[in-house]
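S.K.: There's a structure below that I have some questions on.
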Amino acid sequence: MPCAAHHSFAAEFDGTKPVRLVGTITRIEWTNPHSYFYLDVADSKGHVTNWACESGNPGALSRRGWKKGDIKFGDKLIVDGYLAKDGSKFIDARRVTLPDGRVVYGGSAGDGGPGDSASQGK
Amino acid sequence: MGSIAAVLLQQSIAAVAADAQRRDPDLLPEEVSFLFGEEPKTPAAPTPRTPDGHPYLGGFWKGSRDTKPVGNIGKDLPGFKLPLTPAGDAALQHNLTATVDPEALCIIGGIPRHSASALPFEIVQNKDRVVFLYLYTYFREIPVGAQHAQDPDPTFFGDKVGRWDGDTFVIDSIGFKGAPIWIDENANPQSDAMHAVERWTRPDASHIHLELTVEDPKFYTRPFNYSRTWLAGKPGEGLKEYSCSENNVDRAHLGPGPGPIRKDGTRGYDVPPLPAVPPSPEAYDDVKK
C-alpha cells in the first residue's frame, strides 16, 4: 500500500526549519506506519549525537526504489528534512541520499508537508 | 555533426533530468493515483444493480481532485466557516491546543471524518448489509431496514441504520462518542449529540456520491451539509493490511491539533520547497541538547 499520512505533517514537524543531517546509521526500523532510521551525527566541534529520521512505510519506500537491503549499520546517509516541533532530535526525512548516490523521496503521500501537492488536490 | 549535436543534446537532457532528480525527488505517480481516481475517458457504464433491483454501491472508491479542501468538513460552507456554538468553539480550541490527532494515536476516526478524508475506501454489499472498509483496517457495517437501538452505547461510527429511498441508500446514525473526537482532519469538533444522515447514490458505474447532513445542536447552531463524489478505482485495486500501532514512534512527538491551516482550508505550512542544501541542526538554537 502506498504510504498515506496518518497524521498531518504540521502536527509533528516545523515546515520553517529545513535541516540536513549527515551521519552513519545506527539502527533501522522497517515498520508501519512509518519506517525509522537512526543516525550518529557529528556537529562542527566533533560532538556526536543520535538522531531519529521518520520516513514512509516499507511498501512506499520499496516502490520508490529504496529496498531494506540498500542501507546497513555504519553506512553514511545524507538526509534532508524538517525538525520536529517538540525540539527533539527527530526529523521528517523527505529527501534521502543513499550510500550508492541515489536520491529518494522519503515523505508520506497526502501529509501536507512542503512539496506534498497531493494534500491540496494537485 | 548533426548526430554529434544530437548525442550532446541527449546527454544534456539526461544531465538536466538527473540533476532535477537529485534535487527534488517526488512521490511516485502510483502513490498519487492511489489517492485520486480518474474520470472515465469514455461514457461511464450504467449503474450496476443487485438482483433485487437496488443500485450496487460496491467497489473501491477513490477521491477526486475536485474535492477541495479535502479533510475539511466545512468544504461547502462560505469561507469553510462552520456554524459553531460557543460550546463548539470551546471544543475546537481544546482540540487545537490540547488533543493529539486521535487517528495518529490509532483511535478510530469514525464518521463523518472518514467521509471527509483523502483516503480511499471499499464498499461491499448484500441485501441485508452495506459494509464500508477503511484503509486503517476499520470497518462500518450498516444493517438494512433495522431500527436504532434504545439508548445505544456510544461508538466512533455511531448506531447506524440503513434503508433504501428509491435509488438512494440512506444511513441514519446517532449514538456517537463525545468530545474530544475530531469531526475532520482540521480538528473541528463533534459531540455525543451528533446526528448524521448520509444519502448515497451511484449515478453510474464510475461514480459514487454522498450528500451528508450533520446535526449537532451542542456544537453547531444549525445543521450543515457536506457533498462529495468519489471515483471508481481500477479493477483489482483494493485495501491491504495496515498496522497503525506496530511502531508508532510518532506518539511521543506529535503536538496538539493539526498544525497550521492554509487559506485554502488544507493543513500545512505556506513555505518554499525544501532547499537544495538545508542547514545543519546547529543553525537552530532550540534543538534539545
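Rule-based calculations on the coordinates, nothing more; no lab input. Predicted model only: the values in this text are computed from it and were never measured. Methodologically, a virtual Cβ is constructed for each residue, glycine included, from the backbone with ideal geometry; neighbour enumeration extends over all protein chains shown.
S.K.: Most fluctuating residue of B:D250, B:D159, B:D216 in a GNM of chain B with Cα springs under 10 Å: which is it?
M.R.: B:D250
S.K.: Let me ask something additional. Counting pairs of Cα atoms in the stretch A:9-113, how many percent are more than 18 Å apart?
M.R.: 42
S.K.: Run through the stretch B:28-67 and list the trypsin sites (Lys or Arg not before Pro) located in a DSSP loop whose Cβ has at most 16 other Cβ atoms within 10 Å.
M.R.: Listed in order of number, the matching sites are B:K41.
S.K.: Calculate for chain B the 222 nm mean residue ellipticity that helices alone would give, adding -39,500 (n - 2.57) per DSSP H run of length 4 or more and normalising by residue count, nearest 500 deg cm²/dmol.
M.R.: Roughly -5000 deg cm²/dmol at 222 nm, from the helical runs in chain B.
S.K.: A further question on this structure: If one takes the longest principal axis of the Cα atoms in chain B, at what angle in degrees, from 0 to 90 and to the nearest 10, does the Cα axis of helix B:2-23 lie?
M.R.: Helix B:2-23 sits roughly 50 degrees off the main axis of chain B.
S.K.: Testing the spin-label approximation: label points 7 Å from Cα along Cα→Cβ at B:K68 and B:V131. State their distance in nm.
M.R.: If labels sit at B:K68 and B:V131, their model points lie 3.7 nm apart.
S.K.: Test of understanding: in a Gaussian network model of chain B with alpha carbons linked when under 10 Å, which of B:G158, B:G178, B:G79 would top the mean-square fluctuation ranking?
M.R.: B:G79
S.K.: Still on this model: Would you mind giving the mean number of other chain beta-carbons within 10 Å of the Cβ of each residue in B:256-263, as a whole number? Each step should come with its number before you reach the end.
M.R.: On the way: counts 1, 3, 6, 11, 6, 3, 4, 0.
Mean inter-chain Cβ contacts per residue within 10 Å come to 4.
S.K.: Take chain B, connect every pair of alpha-carbon atoms lying under 10 Å apart with a spring to form a Gaussian network, then pick out the residue of B:D66, B:D151, B:D184 with the largest mean-square fluctuation.
M.R.: B:D151
S.K.: How long is the stretch A:1-60 along each principal axis, judged by its Cα atoms, biggest number first, in Å?
M.R.: Largest to smallest, the principal-axis extents are 41, 27, 13 Å.
S.K.: Below 8 Å, C-alpha to C-alpha, sequence gap of six or more: please give me the relative contact order for the stretch B:29-97 in percent.
M.R.: Dividing the mean separation by the residue count of the stretch B:29-97 yields 24 percent.
S.K.: Still on this structure: Where nothing but the Cβ of Lys and Arg (+1) and of Asp and Glu (-1) is charged, how large is the charge dipole of the stretch B:219-289 around its Cα centre, in debye to the nearest 20?
M.R.: 400
S.K.: Taking Cα atoms, how many degrees apart are the long axis of helix B:86-98 and the longest axis of chain B, rounded to 10 and kept between 0 and 90?
M.R.: So the helix axis and the longest Cα principal axis differ by about 40 degrees.
S.K.: Which aspartates and glutamates, if any, have their Cα less than 20 Å from the Cα of B:K240, not counting same-chain residues under 8 positions apart?
M.R.: A:D111, B:E30, B:E31, B:E103, B:E122, B:E141
S.K.: Partner chain Cβ atoms within 10 Å, averaged over the residues of A:77-88 - can you pull that number for me?
M.R.: That average works out to 4.
S.K.: Turning to a different aspect of this structure: So how long is each side of the stretch B:15-158 along the principal axes, counting just the alpha-carbon atoms, biggest first, in Å?
M.R.: Largest to smallest, the principal-axis extents are 69, 49, 32 Å.
S.K.: Further question on the same structure: In nm, what is the difference between 0.36 nm times the number of residues separating B:R49 and B:K218 and their Cα-Cα distance?
M.R.: Extra length available between B:R49 and B:K218 comes to 56.9 nm.
S.K.: With r defined as the distance between the Cβ atoms of B:D286 and B:D264 and R0 fixed at 41 Å, what FRET efficiency is calculated, to the nearest 0.05?
M.R.: 0.90
S.K.: Please list, or write none, the lysines whose alpha carbon is within less than 28 Å of the alpha carbon of B:K263, excluding same-chain residues fewer than 8 places away.
M.R.: Within the straight-line cut-off, B:K263 pairs with A:K17, A:K85, A:K122, B:K62, B:K68, B:K75, B:K81, B:K218.
S.K.: Please state the Cα pair-distance histogram of the stretch B:49-240 with 10 angstrom bins from zero: what percent is in each bin?
M.R.: 9, 37, 38, 14, 2, 0
S.K.: Above 32 angstrom, tally the Cα pairs of the protein assembly as shown and express them as a % of all pairs, no decimals.
M.R.: Of all Cα-Cα distances in the protein assembly as shown, 40 percent exceed 32 Å.
S.K.: I'd like the mean, over residues of B:231-242, of how many other protein chain beta carbons sit within 10 Å of each residue's own Cβ.
M.R.: 1
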